[in-house]
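Nothing in this text is a laboratory measurement; each read-out follows from the coordinates by a stated rule. Keep in mind the model is a prediction, meaning the values are calculated, not measured. When we count neighbours, we look across all protein chains shown, and the Cβ atoms used for this are built from the backbone with ideal geometry, even at glycine.
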Amino acid sequence: MKAIFIDCNEQLGAVWKLVYRADDPPVTINTAPFQRDDLPKVVDDYEVVIDDHSYMPTELVRQCKNLKHIVFLGTGAASYMNVAQLEKAGVKVHTIKGYGDTAVAEQTIALMFAAARDLARMDRNIRGGTWRPREGVQLLGKTLGIVGLGGIGMEVARIAKGLGMEVIAWNRTPRPETGVPQVELDALLQKSDVVSLHLTLGDETRGFLDAKRIDRMKRGAILVNTARGALVDEHALLDALRTGHIRHAAFDVFHNEPLRADNPLAIIDSTTLSAHAAFRTLEASMTLLRRAIDIVKSIQP
């Protein structure tokens, strides 16, 4: 089966060279940016597509007559394509789990610290010629509420315990074997000084943190999201940031990416933002691309 990596960038290209082996199936590497509507031209007659984070609308994928498999680099394919529609159209979507749990967890903790100490705003101030020390929040002894106890949530719990935080969690299905105290969602929102989201995105979780749930959060809490932007009602979040109900939001993921400079989240002071980079470490990227190649290998006739 002919395969193409449709959106390889310079960083991933260097990693690809490290993990690709002589006995692997040939894969065409496309590094040229393209407009969304040009997707059928880029895919052309390829049967397998490796997709980093390019949107793949169903109506455009249907124009790719030979396409049978999409290998999405990560777990969040639902943010970039309608998986159910594509599979009904005969295109199998493959995702990759567990490759970057530690990388994402470490970014989550980094964002938590940056939000607690308002580091991004002080950095912007200093670069703009303003020296203004800001008072932060000490995390020792504070309560971290983890929403979603998968591999990443468990790693965040492990690190946060080592920092001396009290860790509680909520999961859609109880996981007593984790050893992390689990509480009802309302109790978590009301008690937590920091809430960190680690849910997958689907019909049941889209808009999960809506206005009502944000209102139940402890006043002055910090919200961290390294999962999926669509888990959060953005308008309700902005209202809560403006009123101070949420002290600070630290996000690595957004409803639409890349985030525009005029997006309110990029303008308001009480946010710390990163460019969907939580999983991007050399170690995680090597694991991710190797697994992607292995999937392409496994579906060869």
For region 1-118, Kirkwood radius (reciprocal of mean inverse C-alpha pair distance, Å): 15.7
Pairwise label distance in nanometres, residue 9 with residue 22, each label 7 Å out on the Cα-Cβ vector: 3.3
24 Å Cα-Cα reach of residue 92 towards lysines, excluding residues that sit fewer than 8 places from it in its own chain: 2, 41, 65, 68, 297
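222 nm [θ] for the chain, helices only, -39500 (n - 2.57) per DSSP H run of 4+, per residue, to 500? Mind showing how you got there, number by number?
Working: 12 runs with 107 residues, N = 301.
Taking each H run of at least 4 residues, the total per residue is -10000 deg cm²/dmol.
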DSSP-assigned coil residues among trypsin sites (Lys or Arg not before Pro) in region 192-301, each with at most 16 further Cβ atoms within 10 Å: 206, 219, 260
Distance in nm between pseudo-label sites at residue 187 and residue 53 (7 Å out along the Cβ direction from Cα): 3.6
Helix 282-298 axis, angle to the chain major axis (alpha carbon atoms, nearest 10°): 40
Residue-span extension gain [residue 68 to residue 298] - 0.36 nm each, minus C-alpha spacing: 81.4 nm
Gyration tensor verdict on region 63-175 (Cα atoms; rounded if a/c is under 1.5, prolate if a/b is larger than b/c, oblate otherwise): oblate
Evaluated at q = 0.08, 0.18 Å⁻¹: base-10 log I(q)/I(0), Debye formula over Cα of region 161-301: -0.27, -1.12
Within straight-line cross-link reach of residue 142, aspartates and glutamates at Cα separation under 15 Å, skipping those fewer than 8 residues along the same chain: 166, 193
Crossing angle, helix 10-19 versus the chain [Cα axis fit, 0-90 degrees, rounded to tens]: 70
Rounded to 10°, Cα long-axis angle of helix 151-162 versus longest principal axis of the chain: 30
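First obtain the Kirkwood hydrodynamic radius of the chain from its Cα pairs, then insert it into the Stokes-Einstein equation at 10 °C and 1.306 mPa s, and state the resulting D in µm² per second as a whole number.
Taking Rh from Cα pairs, D becomes 77 µm²/s.
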Residue-span extension gain [residue 135 to residue 210] - 0.36 nm each, minus C-alpha spacing: 24.1 nm
Region 190-272: C-alpha gyration tensor shape, a/c 1.5 cut-off, then a/b vs b/c: oblate
Antiparallel bridges, percent of DSSP beta bridges restricted to the chain (to nearest 5): 0
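Given R₀ = 25 Å, what would the calculated FRET efficiency be for residue 172 paired with residue 256, taking r from the Cβ atoms and rounding to 0.05?
Step by step, r from the Cβ atoms, then E = 0.45.
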In nm, spacing of pseudo-spin labels at residue 44 and residue 60 (7 Å Cα→C-beta vector): 1.8
Potential extension, residue 123-residue 282 segment - 0.36 nm per residue separation minus Cα distance: 54.6 nm
